1. Take the residues of segment 264-288 that are under 15 Å from Leu229 (Cα atoms) and hydroxyl-bearing (Ser, Thr, Tyr): which is farthest from the chain's Cα centre (by Cα)?
2. Taking segment 286-315, which residues are touching a Ser or Thr at 6+ places or on another chain (Cβ under 8 Å), buried (at least 21 other Cβ atoms within 10 Å of the Cβ) and of a type in the set (Ser, Thr, Tyr)?
3. Looking only at segment 150-186, count how many residues are more than 22 Å from Thr289 (Cβ to Cβ), hydrophobic (A, V, I, L, M, F, W, C) and not in a loop (DSSP other than H, G, I, E, B).
4. Conditions first: (1) assigned to a helix (DSSP H, G or I); (2) small (Gly, Ala, Ser); (3) surrounded by 16 or more Cβ atoms within 10 Å (Cβ to Cβ). Ala245 passes all but one, so which condition is the exception?
5. Which is touching a helix residue (DSSP H, G or I) at 6+ places or on another chain (Cβ under 6 Å), in the same structural domain as Tyr304 (by TED's automatic domain parsing), among the charged types (D, E, K, R) and touching a residue at least 12 places away in the same chain (Cβ under 8 Å), of Arg121, Arg125?
6. Which of the residues belonging to segment 66-87 are of a type in the set (A, V, I, L, M) and surrounded by fewer than 16 Cβ atoms within 10 Å (Cβ to Cβ)?
7. Tell me the residue from Leu326, Leu300 that is in a loop (DSSP other than H, G, I, E, B), in the same structural domain as Phe168 (by TED's automatic domain parsing) and under 28 Å from Val199 (Cβ atoms), please.
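The values are calculated or read from the model by the stated rules, or taken from the named source; none is laboratory data. Source: prediction; values computed, not measured. Neighbour counts run over all protein chains shown; Cβ positions are idealised from the backbone, glycine included.
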Amino acid sequence: MSQPSSRSRRSGIRRGETASGWLFTAPIIVLLGVFLVVPVLMALWVSFSDWGGRGSPFAADVNFVGLKNYTTLLSGGGLAEQDFGTSLRNNAWYVVLVVPTQTAVALFLAVLVNRAILRGRGFFRTAFYFPSVTSTVAIVVLWLFLFNATGPVNAVLSWFGINGPNWFNDPDGIIHNFLGLFGVTTGPPVLTNNEFLGVSWWDWLAGPSVAMFALILMAVFTTSGTFMLLFVAALQSLGADITEAAMMDGANGWQRFWRITLPQLRPTLFTVLTLGLIGCWQIFDQIYTGTQGGPGKTTLTPAYLSYTSAFANQEWGQGAAIAFILFVIIVVFTIFQRWVLRDRKVSRRRLRRYQVVAASETAKGVAS
């Protein structure tokens, strides 16, 4: 008799806990549903419609056009496809250069300020993190001043005999400029005559423009401090026993970092790379307040193109379609990144080598 009553009592407590849990989470669920899920579903409908931005997108005069907005961007053959391809090229180079650089700089700064022998570590942590909490508009205005044609950056370059470029007015790609030093001004026909999304492969391989390269430097300057704090927190949570064992085995500093410290930072590394990837593909405020896509659309990004398509050109369907294509790109790259950084099993060949080394060390210990 006592056993069923105890079971019913426990199940009753669980039912009460479940109801209490739903009661406490109901407000945030409602807020997320109203201000996140519903707008996303509305934007998804807009991407499949011809809504002009006036009235309700669910009005009777709004028609369902299927994949027309997406095909216009991906295979339309017009200016919309060319602009979208240009924005993807610009943003792709931005991601390729910013994400690895800011991750490496953040990890270097974290290792530097985490050293016990460094005096004033708190000051350096604050100094490195300060650009991350500064207003983006203020940083953009500062960058426009520093990288002006007659600004301080070109003045410093002139001390070394370098004639600095007109940074935010130069649409040439840095790779094309480098090839131009060797007399290469045009690409082979296989690159110039073939294109992808309305942009020739020769232009895809042009590299970021000089103006975009200045924005790349700004991104590394402003975001490395934030990711530095994540690496510092991860470094401080690592145990010292494995490192001390490696020191006893004669491993030098680089070997301890590469073989012991860095593998333990893999979860933090995945977080930093994912946040950097998302932030770089969603770059908007720097473009809006700085270059507006110029010069020659070489700083145009999908996020800014989505804004101009919807709010400036009243192509709300295309603007929403660009946003969802960008969402798919971010998800695909995140999944690929997760696959690359996954935990891998030790191969049999490497495991056999470890066993041989361990057996030899054991034999040496017994003999001694």
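1. Result: Thr268.
2. Those that are touching a Ser or Thr at 6+ places or on another chain (Cβ under 8 Å), buried (at least 21 other Cβ atoms within 10 Å of the Cβ) and of a type in the set (Ser, Thr, Tyr): Thr291, Thr298, Thr299, Thr301, Tyr304.
3. Number satisfying all stated conditions: 8.
4. (3)
5. That would be Arg125, the only listed residue that is touching a helix residue (DSSP H, G or I) at 6+ places or on another chain (Cβ under 6 Å), in the same structural domain as Tyr304 (by TED's automatic domain parsing), among the charged types (D, E, K, R) and touching a residue at least 12 places away in the same chain (Cβ under 8 Å).
6. Answer for segment 66-87, where residues must be of a type in the set (A, V, I, L, M) and surrounded by fewer than 16 Cβ atoms within 10 Å (Cβ to Cβ): Leu67, Leu79.
7. Exactly one residue qualifies, and that residue is Leu300.
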